[in-house]
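In what follows, a single structure is set out as structure tokens and then discussed.
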Amino acid sequence: MGRRKTAAAPGAAVPARGSSRAADGVISEIREKHKLELENLTLTKHPFRTLHFFMLAMLQYLKRLATYILSKRALFAVLIVLVVIPGVTLLVTDGLHKKHVQEFLNYARFVLWWVSLGVASSIGLGSGLHTFVLYLGPHIALFTIKAVQCGRVDLKSAPYDTILLKQAPSWLDKKCSEFGSPMYPATDHSVMIPVFDLLPQVQLEAVLWGIGTALGELPPYFISRAARLSGSELEAVKELDVAPSTEDGPVASNVNRTKRWLLSHSQHLNFFTILILASVPNPLFDLAGIMCGQFGIPFWEFFFATLIGKAIIKTHIQTLFIISLCNNQLLYLMEKELIWIFGHIPGFSANLPSVIAKLHSAKEKYLSPPASGSPSSQIEDKQWNFSFAFIWNSVVWLVLMNFFIKIVTSTAQDYRKRQQDVEMELITDSSSLSHSKTN
């Protein structure tokens, strides 16, 4: 009898181990199903389902915002009494203060516009809107070309006379004669303005844009720090711990390899390494922010390094590059180098004068002051300006639509991912409970 009981004990454990393996198989199958569902949750594949989860996420955010406002209602009441009511009173009443109020509103809109563009450029974990290419870069280029055409740098009526939402700067369509005689005389049929005379004219909006890019890097840091304090690990860091997939393309593989290298050298993160990463165009800086939050880098150390790198160093590098690119000085240096190179090529030196003449005509066409020509030439210029504006506006709207689609898709996937995590937690708990009962 005793022998039969001792022999039956190991056999009784076999169904328990089998049920445990079956439960693990079911859980892994559910995880794969959830992963596939998230990959297919896009506006192109399932638009109505994606919009449904996006609206649910927005309602959840609004509910949290309302709860926060109600919890701080005393603070908001004081803010309304001290700021909102006096501000509205100053706006609706007439008097000597009206001019100063309007000037303050112009500056406020100017600051808010460029800071918001900077935030939109860096927020979203790599899916941000490239506002330097769309707004700041063209603004710097247009101002530089206009200054070279007119031989003056005092084109703005005020510091906030820049590209704004649905508003072009006043200097863009003005004739050079309206600004006065050139301050920088022309040499060799071209105007040369020193780079550091042009820089202060576009420096303020560039710095504001850089401040916005630094502010846009804060959400990944705070999200990662909150995950660390709660004892969990962020999904972006978990993905880097997984072995590289053979299905990834060469570009994705190189990017992931670079991310893993950054993660493996996280012990070297400090003020100076963050400053260096923020001072150059770096699409992987989001990961640096996540790592700083995950590994406990102090907030002010991260923020000041990011602010100095992005708002001071990187923006000035980009601004000086655009100014040099659109200034006659860089074209003149390039022309001299090309003449020297092609002059040493046998058989090409004979055609060099005609090539130089064509370069000069092209330069005078785009960087010289427009002369008052015949009505037909004016109509042709208007048609060219209209076609260019139409193409540029179309490109901007396409980029904006792509940005909106990414935001909607990412928000919907994040909301659905949280639901899946709750479902998996319930399934895991029930599986563990049934396993303990079986044992």
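Where nothing but the Cβ of Lys and Arg (+1) and of Asp and Glu (-1) is charged, how large is the charge dipole of the range 60-204 around its Cα centre, in debye to the nearest 20? Spell out each step's value before the answer.
Details: 13 positive and 8 negative charges, 156 e Å.
Dipole size: approximately 740 debye.
Can you tally the lysine pairs in the range 74-188 where the Cα-Cα distance is under 15 Å and the two residues are eight or more apart, or on different chains?
Summing the qualifying lysine pairs gives 5.
Stretch Ile427-Ala226 to full length: gain in nm at 0.36 nm per residue minus the Cα-Cα span? Display every interim value, and only then the final one.
Numbers: separation 201, 0.36 × 201 = 72.36 nm, distance 2.53 nm.
Stretched fully, the Ile427-Ala226 segment lengthens by 69.8 nm.
If r is the Cβ-Cβ distance from Thr44 to Ser324 and R0 is 30 Å, what FRET efficiency results, to the nearest 0.05? Show your work: numbers first, answer last.
Values: r = 41 Å, r/R0 = 1.37.
Calculated value: 0.15.
Need one number: nm distance between label points at Ala168 and Asp197, each 7 Å from Cα along Cα→Cβ, rounded to one decimal.
2.6
So between Leu90 and Ile145, what do we pick up on full extension, going 0.36 nm a residue minus the alpha carbon distance? All intermediate terms of the calculation are to be shown ahead of the outcome.
Working: separation 55, 0.36 × 55 = 19.80 nm, distance 3.99 nm.
In short, 15.8 nm is gained.
Place the peptides 29-40, 77-88, 191-202, 209-220 in order of packing, highest mean first, counting for every residue the other Cβ atoms within 10 Å and averaging per peptide. Before the final figure, lay out the partial values.
Details: 29-40: 12.5, 77-88: 10.9, 191-202: 16.8, 209-220: 23.8.
The peptides rank, most packed first, as 209-220, 191-202, 29-40, 77-88.
For the ranges 312-320, 99-107, 68-76, 154-162, what's the packing order if you count other beta-carbon atoms within 10 Å of each residue, average per peptide, and put the highest first? Intermediate results must be reported in sequence, preceding the final value.
Numbers: 312-320: 18.3, 99-107: 12.3, 68-76: 10.4, 154-162: 16.3.
Those peptides, ordered most packed to least, come out 312-320, 154-162, 99-107, 68-76.
Using unit Cβ charges (K, R positive; D, E negative) and no other charged atoms, how large, in debye to the nearest 20, is the dipole of the range 84-169 about its Cα centre? Please list the in-between numbers first.
Values: 7 positive and 4 negative charges, 25 e Å.
The dipole magnitude comes to about 120 debye.
How high is the FRET efficiency between Val280 and Val399 when r is their beta carbon distance and R₀ equals 25 Å, given to the nearest 0.05?
It comes to 0.60.
Quickly rank 404-411, 299-306 as a protection proxy: mean count of other C-beta atoms within 10 Å, highest first.
Numbers: 404-411: 16.6, 299-306: 18.2.
Ranking the peptides 404-411, 299-306 by packing returns 299-306, 404-411.
Set the Förster distance to 60 Å, then compute FRET efficiency between Glu178 and Leu36 from the Cβ-Cβ distance, nearest 0.05. Write down the numbers at each step before the final one.
Values: r = 63 Å, r/R0 = 1.05.
With a Förster radius of 60 Å, E is 0.45.
Quick one: length gained pulling Ile27 to Leu112 fully straight, 0.36 nm per residue minus the C-alpha distance? Present the calculation step by step, with values, prior to reporting the outcome.
Numbers: separation 85, 0.36 × 85 = 30.60 nm, distance 4.84 nm.
Using 0.36 nm per residue and subtracting the Cα-Cα distance, I get 25.8 nm.
Any read-out appearing in this document is the output of simple, stated calculations on the displayed coordinates, not a laboratory observation. Every value quoted in this text rests on a predicted model; they were computed, and no experiment measured them. For neighbour counting, all protein chains shown are included, and Cβ atoms are generated from backbone atoms with ideal geometry for every residue, glycine included.
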